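**Student:** A single structure is presented below for examination.
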Amino acid sequence: MPITEDSGTTGRGSGSVSGTRPGTGTGALRQLRDLLDLLDRGAPAEQFTPPPDAELSDAEAAVVADATRIALRIRRTLGQHRRREAELAALFDTAGDLARLREPDAVLEAIVHRAKLLLGTDVTYLSLNDEEAGDTYMRVTDGSVSAAFQQVRLGMGEGLGGLVAETARPYSTGDYRDDRRFRHTATIDGAVTEEGLRAILGVPLRLGTRVIGVLYAADRTARTFTPDEVALLSSLADHAAIAIDGARLLDETRTALVDLNEASRTIEAHSEAMRRAEDAHDRLTDLVLRGGDVGEVATAIGAVLQGGTLIHDAEGAELARSGTEAGPPSAGAVAASRADGRAVSVNGTWVCAVLAGHELLGSIALTGRADLGDADRRLFERASLVTALLLLLRRSVAETEDRVRGELLGDLLTRAADPAGLAARARRLGVDLGHPHAVFVLHTGAAPRTRLLAAAARIAHARRGLAGLHHEDVVLVCPAEAAGPAAASLASELRQALAGPVTVGAAGPVTGPAAFADACAEARRCRTALRALGRDGTGAALHDLGFLGVLLGDQTDLGGYVRQTLGPVLAYDAKRGTDLTHTLRAYFDAGTSQSRAAAALHVHVNTVVQRLDRIAHLLGRDWQSPERALELQLALRIHQVNHHDDPGPGDFAA
């Protein structure tokens with residue numbers, strides 16, 4: 001009923017109430033204030049329905065009912081904000097402006113444009129579902145030149161996009177026109193043909209279990225989309241859907257605030273938390289887009305959340321730490337976070353799995369913040385999404401570089417290109433083929449070849465070399481001054497990395513592209529010889545294998561073999577004028593009999609014993625083992641043949 005000066009029905013005096021709707025009575029005002037109090041307390045929905053009040057006129061009751069509906073709508077809006085706030089971690093708001101955009105059209109355009117930049121495709125586009133029409137229609141495109149394509153509508157289940165919208169699953173095709181998995185229509189095929197598209201990838205835009213549209217990436221040439229590209233676009237789509245819904249919710253909130261100014265204080269508090277989260281996300285995202293590494297991200301996360309940070313990969317290897325000496329998180333904590341999709345607290349440390357879709361990329365841990373509040377916990381979860389973006393981008397770059405390096409290695413080992421061109425390609429990768437490089441051929445039976453190849457690639461990156469597969473062998477090319485010692489060290493390093501023996505055959509060092517193919521063939525023969533000799537798990541070059549190495553090598557260096565085998569004895573004779581070489585030959589000629597050797601040399605047997613002791617000191621105590629003895633006798637014969645005109649003491653040159 002209207003409030004007038006003589007109404008006086010509430011005992012509070014007369015007069016109208018400033019700021020209320022004309023004709024609103026005190027009872028109605030009380031119920032309106034009760035609604036605001038309920039909103040402020042976050043009361044359950046059933047408390048928003050007031051009991052019937054006989055004092056209210058029909059007009060006042062209508063005002064109260066209208067206000068109740070508005071309050072319930074605001075409550076639903078606030079509830080939706082709370083439910084989605086944790087999901088608004090904009091992993092794939094890959095530019096800071098996306099987090100600041102508020103208009104739905106600007107959000108959609110930014111999403112499609114950033115998808116095009118990240119995936120590097122010719123065209124990206126986005127369609128939204130029309131629930132009333134039962135189809136999905138083109139909403140935003142980037143890179144499109146066909147008007148028909150920009151206006152196409154797809155029925156549910158029609159074409160690739162309609163199938164994605166209907167099944168809520170990603171689909172890709174290397175050549176859409178020839179792919180019979182999809183339901184082709186004249187309209188869709190005509191639009192795709194006019195645009196010139198061949199390879200298409202589509203992923204659903206989902207809000208919970210509801211599909212609101214499809215995000216696409218397409219090329220005008222046939223190709224296959226990799227799992228990493230599918231994961232990257234899927235993550236973009238997940239967070240694009242959140243950004244779209246967030247812009248829509250913000251519009252609804254603004255409309256509600258026009259009717260209830262008092263409720264703005266409650267919404268402002270939530271908006272402030274969102275702005276803080278967005279600012280933190282912008283800081284982290286800008287860092288990633290500027291090319292920051294994992295260590296810089298860890299430092300930034302620690303600064304934002306005022307704690308220590310640890311980042312590990314999926315296998316538990318530490319990638320970065322900042323401001324903490326804590327150990328890695330337990331596998332159980334990472335598994336719990338992965339299953340729940342939220343950060344978990346274990347013994348005062350917060351742990352969040354770093355995910356791309358369902359794939360585990362690693363984990364991030366926060367120490368020193370046992371009392372992490374809801375807002376900071378959401379910031380921490382958002383930081384894990386940005387970390388996932390960084391790790392995905394790093395992996396994509398690494399895989400591309402490994403492919404380029406592998407192609408160069410293949411051409412280098414098969415002489416598939418001119419040497420100047422190979423050298424120039426190598427320089428672009430930071431590899432100088434003009435410096436001495438050794439070639440290593442690797443083998444292990446204790447681990448999959450993919451793991452051996454990955455370990456070789458890591459070593460190649462660290463040492464400015466090349467790694468890849470060549471004729472089913474894992475081949476590594478690295479700078480080295482001596483191939484044999486480098487092979488032995490490499491075998492030990494790979495044993496630790498793979499927890500199993502790795503056999504390494506080596507050749508070189510060589511310089512210039514033309515020499516690498518022959519060096520690879522020699523390293524492969526060395527690897528085969530090591531395994532045949534029962535020396536699995538070791539590394540060596542052919543010259544380390546004695547006379548067998550000489551026989552297997554491309555160039556027969558008999559002089560080098562003699563120096564390597566008899567060098568200490570020959571040097572001793574040359575320096576002191578002795579003839580230990582002749583004594584050693586006589587000893588072997590006598591069937592290793594000291595007495596017969598003494599007779600042949602016309603000396604006392606004690607003299608022979610003393611000379612053999614000196615030889616043992618020079619060659620090592622195992623010089624009479626069958627393998628060493630054979631090598632020594634061969635070297636003695638070669639030396640005797642080369643010096644048959646002057647067999648006296650002091651001969652050294654071979």
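The values are calculated or read from the model by the stated rules, or taken from the named source; none is laboratory data. What you see is a predicted model, and the numbers here were worked out from it, not measured in a lab. Note: ideal-geometry Cβ built from the backbone for every residue, glycine included; neighbour counts use all protein chains shown.
**Student:** Tally up the residues in the stretch 315-352 that are more than 25 Å from His239 (Cβ to Cβ) and crowded, with 22+ Cβ neighbours inside 10 Å, please.
**Tutor:** 1
**Student:** Right, next: Going through the stretch 189-236 one residue at a time, which ones are of a type in the set (Lys, Arg) and in a loop (DSSP other than H, G, I, E, B)?
**Tutor:** Arg198, Arg220, Arg223
**Student:** Taking the stretch 531-555 only, how many residues are modelled with pLDDT under 80 and out of contact with any Phe, Trp or Tyr (no Cβ under 6 Å at 6 or more places or on another chain)?
**Tutor:** 16
**Student:** Same structure again: Within the bounds of the stretch 202-214, is there any residue that is under 27 Å from the mean Cα position of the chain (by Cα) and of a type in the set (Val, Ile, Thr)?
**Tutor:** Yes, some residue in the stretch 202-214 is under 27 Å from the mean Cα position of the chain (by Cα) and of a type in the set (Val, Ile, Thr).
**Student:** To continue, here is another question. Checking the condition within 16 Å of Val294 (Cα to Cα), surrounded by 16 or more Cβ atoms within 10 Å (Cβ to Cβ), assigned by TED's automatic domain parsing to the domain that holds Ala298 and at pLDDT below 80, which residue from Leu366, Leu385, Leu372, Leu355 passes?
**Tutor:** Just a single option satisfies the conditions, and that option is Leu385.
**Student:** Sticking with this one: For the structure I just gave you, tell me whether Asp279 is part of a helix (DSSP H, G or I), out of contact with any Ser or Thr (no Cβ under 9 Å at 6 or more places or on another chain), at pLDDT 75 or above and surrounded by 14 or more Cβ atoms within 10 Å (Cβ to Cβ).
**Tutor:** In short, no.
Yes/no matrix, rows are residues, columns are (1) in the same structural domain as Leu366 (by TED's automatic domain parsing); (2) in a strand (DSSP E or B); (3) among the aliphatic types (A, V, I, L, M):
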site: Leu310; (1), (2), (3): yes, yes, yes
site: Glu315; (1), (2), (3): yes, no, no
site: Thr324; (1), (2), (3): yes, no, no
site: Pro329; (1), (2), (3): yes, no, no
site: Val334; (1), (2), (3): yes, no, yes
site: Ala339; (1), (2), (3): yes, no, yes
site: Trp350; (1), (2), (3): yes, yes, no
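**Student:** Taking Phe149 and the conditions (1) surrounded by 16 or more Cβ atoms within 10 Å (Cβ to Cβ); (2) of a type outside the set (Lys, Arg); (3) in contact (Cβ under 8 Å) with a residue 60 or more places away in the chain, which numbered condition does it fall short on, given that it satisfies the others?
**Tutor:** Of (1) surrounded by 16 or more Cβ atoms within 10 Å (Cβ to Cβ); (2) of a type outside the set (Lys, Arg); (3) in contact (Cβ under 8 Å) with a residue 60 or more places away in the chain, only one is false for Phe149: (3).
**Student:** Quick one: count up the residues across the stretch 602-612 that are more than 20 Å from Ser625 (Cα to Cα) and at pLDDT 85 or above.
**Tutor:** Counting residues in the stretch 602-612 that are more than 20 Å from Ser625 (Cα to Cα) and at pLDDT 85 or above gives 5.
**Student:** Only residues that are modelled with pLDDT under 85 and of a type outside the set (Val, Ile, Thr): list them for the stretch 304-320, please.
**Tutor:** Residues satisfying the conditions are Leu305, Gln306, Asp313, Ala314, Glu315, Gly316, Ala317, Glu318, Leu319, Ala320.
**Student:** Mind telling me which of the residues Thr167, Thr136, Thr141, Thr77 ends up being at pLDDT below 85, more than 27 Å from the chain's Cα centre (by Cα) and either within 27 Å of Thr185 (Cα to Cα) or not assigned by TED's automatic domain parsing to the domain that holds Asp251 (or both)?
**Tutor:** Thr77
**Student:** It is to be established whether one or more residues within the stretch 448-465 are surrounded by fewer than 18 Cβ atoms within 10 Å (Cβ to Cβ), in contact (Cβ under 8 Å) with a residue 40 or more places away in the chain, of a type outside the set (D, E, K, R) and assigned to a loop (DSSP other than H, G, I, E, B).
**Tutor:** No, there is no match, as no residue in the stretch 448-465 is surrounded by fewer than 18 Cβ atoms within 10 Å (Cβ to Cβ), in contact (Cβ under 8 Å) with a residue 40 or more places away in the chain, of a type outside the set (D, E, K, R) and assigned to a loop (DSSP other than H, G, I, E, B).
**Student:** Taking the conditions exactly as written (touching a residue at least 60 places away in the same chain (Cβ under 8 Å) and not assigned by TED's automatic domain parsing to the domain that holds His543), does Thr592 satisfy them or not?
**Tutor:** No.
**Student:** Another one. When you scan the stretch 136-146, how many residues do you find that are in a strand (DSSP E or B) and buried (at least 18 other Cβ atoms within 10 Å of the Cβ)?
**Tutor:** Final tally of qualifying residues: 6.
**Student:** Now for a different question. Could you please find all residues in the stretch 503-530 being in a helix (DSSP H, G or I) and either touching a Pro at 6+ places or on another chain (Cβ under 8 Å) or of a type in the set (Val, Ile, Thr) (or both)?
**Tutor:** Pro513, Ala514, Thr528
**Student:** Can you work out which of the residues in the stretch 178-188 that are out of contact with any helix residue (DSSP H, G or I) (no Cβ under 7 Å at 6 or more places or on another chain) and in a helix (DSSP H, G or I) is surrounded by the most Cβ atoms within 10 Å (Cβ to Cβ)?
**Tutor:** Per the criteria, the residue is Thr187.
**Student:** Search the stretch 475-503 for residues that are crowded, with 23+ Cβ neighbours inside 10 Å and pair each with any residue that is of a type in the set (Phe, Trp, Tyr) and outside any strand (DSSP E or B) when their beta-carbon atoms are under 9 Å apart and the residues are at least 6 apart or on different chains.
**Tutor:** As it stands, the answer is Val477/Phe516, since those pairs meet every condition given.
**Student:** Working only within the stretch 61-79, note down all residues that are acidic (Asp, Glu) and in contact with a Lys or Arg (Cβ under 9 Å, 6 or more places away or on another chain).
**Tutor:** none
**Student:** What number of residues in the stretch 586-617 are outside any helix (DSSP H, G or I) and of a type in the set (Ser, Thr, Tyr)?
**Tutor:** Total meeting the criteria: 2.
**Student:** Do we have Leu201 as of a type in the set (A, V, I, L, M) and within 16 Å of Arg153 (Cα to Cα) here?
**Tutor:** No; evaluated as a whole, the condition is false for this residue.
**Student:** Oh, and also: Can you tell me which residue in the stretch 357-384 is nearest to Arg338 (Cα to Cα), limited to those that are of a type outside the set (Gly, Ala, Ser) and within 13 Å of the chain's Cα centre (by Cα)?
**Tutor:** Checked the stretch 357-384; the qualifying residue nearest to Arg338 (Cα to Cα) is Leu360.
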